[in-house]
Every structure is written in structure tokens, then in C-alpha cells.
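As C-alpha cells, the structure follows; a few thoughts come after it.
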Amino acid sequence: MLRKCRAIFLDERAALGRPEPAEFPCARELFCAPTHAEAAERGGRAIHRFYEDTYLQWPHPYLGEEERRMSYAELARNRFIVGDPDECAQAVAELRDMGVDQLAFRMEPPGVSKDDARASMELFAEQVVPRFTEGNA
């Protein structure tokens, strides 16, 4: 979906005679835990509930009824970064390889305790971020 929406955006810019932007920012929901199961339970389910209560209720040209009924696994795929440090790093690397050069994360979604959010942020900062610092990317 990100590729599709970016292509539409770039086509519209080209039609208006505007150049391709120099930057490709992206935002993602993120929850990192020691195991995938823990990340899905402590963070992923809350993110899914948040989407069901908000985003999936809004009118959107690319969201049909099928998308609005997606399970957690279906909705999370390529939309959320939820997993253990290796899975989170892989998702960030895939976005980087797509050309994304700036990432913003929602790391404390509604329904996640402050303690769980803090633990997720600390784990991400300690075990994922160093993989993308200068000299390691």
C-alpha cells in the first residue's frame, strides 16, 4: 500500500510539473519486546484495537469493506512494526531499502501502559537503533 500511495503521490507531482521530493518520510506504529508473541500481546493487540476504533472507521479511498474487517495479522502486515528486535530491525531495513529516509514512530499507542511503552522504547533504542547508525547501516 505504501508503494501504491507513493506512486500516486509522485504521479500527481509530475502532472503538476513538480519534481520528486528529496526526502521520503514514513510513520509507523511500533512495539518491540523480547519475543514476537510478547510484542503482539502487549503492543500489537492495542494498536489493532486503536485502528479498529479510529482509522478503519474513517472514509478513505483505498479502504474497502474487506480491509475494514482485517484480522490483526492481516492489518499488521506491512503497516505496524511489532515484534522482537530482529523483526523490528528487518522491518526498518525493508523501509530503508524502499527509499524511506526518515521514520517517525508512534511508540505509546492507546491501550499500552506507560511501563510497557517505556520497555519497548528502551529495547528498540538498545538493540535496533545501533544497527542503523552510521557505519552499521
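The values are calculated or read from the model by the stated rules, or taken from the named source; none is laboratory data. Everything numeric here is computed off the predicted structure, so don't read it as measured data. A quick note on method: Cβ atoms are made from the backbone with ideal geometry, for glycine too, and the neighbour counts reach across all protein chains shown. The area values use the complete protein model at the heavy-atom level, side chains included, leaving out ligands, DNA and RNA. Shrake-Rupley method; radii C 1.70, N 1.55, O 1.52, S 1.80 Å.
What does the charge count near A89 come to, summing +1 for each Lys or Arg and -1 for each Asp or Glu among other residues with Cβ under 14 Å from its Cβ? Don't skip to the answer; put the middle values down first.
Working: positive: R28, R96, R131; negative: D84, D86, E87, E94, D97, E126.
Residues close to A89 contribute a combined charge of -3.
Kyte-Doolittle cut-off 1.0, length cut-off 24 Å along the helix's own axis using Cα: show which whole DSSP H helices in the chain pass. If you can, show how the numbers build up before the last one.
On the way: long enough: none.
Membrane-span-like by this rule: not one helix.
Considering only protein heavy atoms and a probe of 1.4 Å, how much of the accessible area of the range 3-137 is carbon and sulfur, as a whole percent?
Here it works out to 50 percent.
Going by the alpha-carbon gyration tensor, a ≥ b ≥ c the square roots of its eigenvalues, is the chain rounded (a/c under 1.5) or, if a/c is not under 1.5, prolate (a/b greater than b/c) versus oblate? Kindly include the intermediate steps, with their values, before the conclusion.
Numbers: a/c = 2.35, a/b = 1.21, b/c = 1.94.
Oblate, because a/c is 1.5 or more while a/b does not exceed b/c.
Expressed as a rounded percentage, what relative contact order does the range 1-123 have, with Cα pairs under 8 Å and six or more residues apart?
On the way: 130 pairs, mean separation 51.5, N = 123.
With pairs under 8 Å counted, the relative contact order is 42 percent.
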A correct Karplus calculation of ³J(HN,Hα) over the range 19-28, with 6.51 cos²θ - 1.76 cosθ + 1.60, θ = phi - 60°, whole Hz and x for Gly and Pro, returns x, 5, x, 6, 10, 9, x, 8, 10, 9
Note to self, the chain gives a 222 nm [θ] from helices alone (DSSP H runs n ≥ 4, -39500 (n - 2.57) apiece, / all residues, nearest 500) of -13500 deg cm²/dmol
Computed for the chain: size of charge dipole around the Cα centre, +1 on C-beta of each Lys and Arg, -1 on C-beta of each Asp and Glu, debye to nearest 20, value 340 debye
For the chain, dividing by residue count, accessible area per residue (probe 1.4 Å) in Å² works out to 62 Å²
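In debye to the nearest 20, how big a dipole does the range 80-123 give about its Cα centre with +1 on each Lys and Arg Cβ and -1 on each Asp and Glu Cβ? Don't jump to the answer; show the numbers that get you there.
Details: 4 positive and 10 negative charges, 45 e Å.
Computed charge dipole of the range 80-123: roughly 220 debye.
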